[in-house]
Amino acid sequence: MALRLPVDEEDLVACVACGLCLPHCPTYRVTGLEVASPRGRIAAMRAVQHDGAPIHGEFERYMEECVQCRGCEAACPSSVPFGRLMEGARQALDADRRHARGPLRRLAEWLGYVVILPRHRLLLASSWIVLLAQRLRLAPLRFGLPRLSARELGRPLAGPRGAAGSCDAYLFTGCVMDAWQRHVHRAALRVMQAAGASPGLPGRGGDCCGALHVHAGRIADARRLARRVIASMPGDAHVVVYSAGCGAAW
């Protein structure tokens, strides 16, 4: 039988459904639904892979509701690589159902993944718009956006960029992290300098590593962005990365 999900078969059958992951899954804790748990999602993947179940709207819903925090992996006694399984499921969904989604969603995904995230200047410009909306109380609280700072958005990070040999450790700044939480990067640079390191920053093309694209199943786009990021930090210096999504993808 032809496999529909691009996942490793050994990864898929490694789950023994013990349930130790359930308390660590945020979507299960909120909903209490088995299908919204890691083992429930794996059971749904097995139904598609082994039984030929269709990739329908309900399957898409529960796969996309996973926040891919991978907290279940730390609790799993069988070391099931749930993150890899979810990436495969999302990849299948992107290939099978992208054109079945509504035009507004397709437009939003195109703007986010293709236009804004890979182009840091556009992301920063969009962040200024979000900041203005927050000041005018037009940004809905349900979006959960952090409170943006004009001072931070207007002050770029200082340090050599993309020059091999001028630093002994790169600080990978990322896309959203650099736009919305740049103060954390400033603190990290101070810590690195206090520890005796000479930190540097990525050069041209080191804006987005493709982690968000991996989470969305856009594997080809993610690989292209990853190659661009690698080229932005030449040499053999260490790379410091602590952004949650970036760290998981790396």
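Round to the nearest 10 and report in Å² the accessible area of Ile219, as given by a 1.4 Å probe over the protein chains' heavy atoms. Surface accessible to solvent at Ile219 totals approximately 30 Å². First check a/c for segment 35-115, with a ≥ b ≥ c the square roots of the eigenvalues of its C-alpha gyration tensor; if it is under 1.5, answer rounded, and if not, answer prolate when a/b is larger than b/c or oblate otherwise. Since a/c reaches 1.5 but b/c is at least a/b, the shape of segment 35-115 is classed as oblate. Using the 1.4 Å probe convention, the accessible area of the chain works out to 55 Å² per residue with neighbouring protein chains retained. Label-to-label distance, Arg151 versus Val30, with points set 7 angstrom from Cα along the beta-carbon direction: 3.3 nm.
Among the cysteines of the chain, those with no neighbouring cysteine Cβ under 4.7 Å are Cys15, Cys18, Cys25, Cys66, Cys69, Cys76, Cys167, Cys209, Cys246. Take the Cα of Val16, step 7 Å toward its Cβ, do the same at Phe143, and the gap between the two points is 4.6 nm.
May I ask you to rank Asp94, Asp51, Asp236 by accessible area, largest first, using a 1.4 Å probe over the protein chains only?
Asp236, Asp51, Asp94
How large, in percent, is the carbon and sulfur part of the accessible surface of segment 1-74 at a probe radius of 1.4 Å?
Working: 2220 of 3910 Å².
On segment 1-74, the fraction of accessible area on carbon and sulfur atoms equals 57 percent.
Normalising the average separation of contacting C-alpha pairs (under 8 angstrom, six or more residues apart) by the number of residues puts the relative contact order of the chain at 17 percent. Which shape class applies to segment 79-207: rounded if a/c is under 1.5, otherwise prolate when a/b exceeds b/c and oblate if not, where a ≥ b ≥ c are the square roots of the Cα gyration tensor eigenvalues? Verdict is oblate for segment 79-207. Of Val229, Val67, the residue with the largest accessible area leads and the full order is Val67, Val229 (1.4 Å probe). Surface composition of segment 150-224: carbon and sulfur make up 54 percent of the accessible area, probe 1.4 Å. The helix-only estimate of mean residue ellipticity at 222 nm for the chain, built from DSSP H runs of length n ≥ 4 each weighted as -39500 (n - 2.57), is -14000 deg cm²/dmol after division by the residue total. Karplus-based coupling profile of segment 227-241, in residue order and whole Hz: 4, 5, 5, 4, 5, 7, 10, x, x, 10, 5, 5, 10, 9, 9, with θ = phi - 60° in 6.51 cos²θ - 1.76 cosθ + 1.60 and x standing for Gly or Pro. Give the shape of segment 21-80 as rounded, prolate or oblate, defined through the alpha-carbon gyration tensor: a ≥ b ≥ c are the square roots of its eigenvalues, a/c under 1.5 means rounded, and otherwise the shape is prolate if a/b is larger than b/c and oblate if not. Oblate, because a/c is 1.5 or more while a/b does not exceed b/c. Across segment 1-107, C-alpha contacts under 8 Å between residues 6 or more apart give a mean separation that, scaled by the residue count, equals a relative contact order of 36 percent. Karplus-based coupling profile of segment 62-71, in residue order and whole Hz: 6, 5, 7, 6, 5, 8, 6, 6, 6, x, with θ = phi - 60° in 6.51 cos²θ - 1.76 cosθ + 1.60 and x standing for Gly or Pro.
The values are calculated or read from the model by the stated rules, or taken from the named source; none is laboratory data. Nothing here was measured: the structure is a model prediction, and the numbers come from that model. Because the Cβ atoms are built from the backbone with ideal geometry, glycine has one as well, and the counts that use them run over all protein chains shown. Ligands, DNA and RNA are stripped out before the accessible areas are found, and what is left, the full protein with its side chains, is counted by its heavy atoms. Shrake-Rupley method; radii C 1.70, N 1.55, O 1.52, S 1.80 Å.
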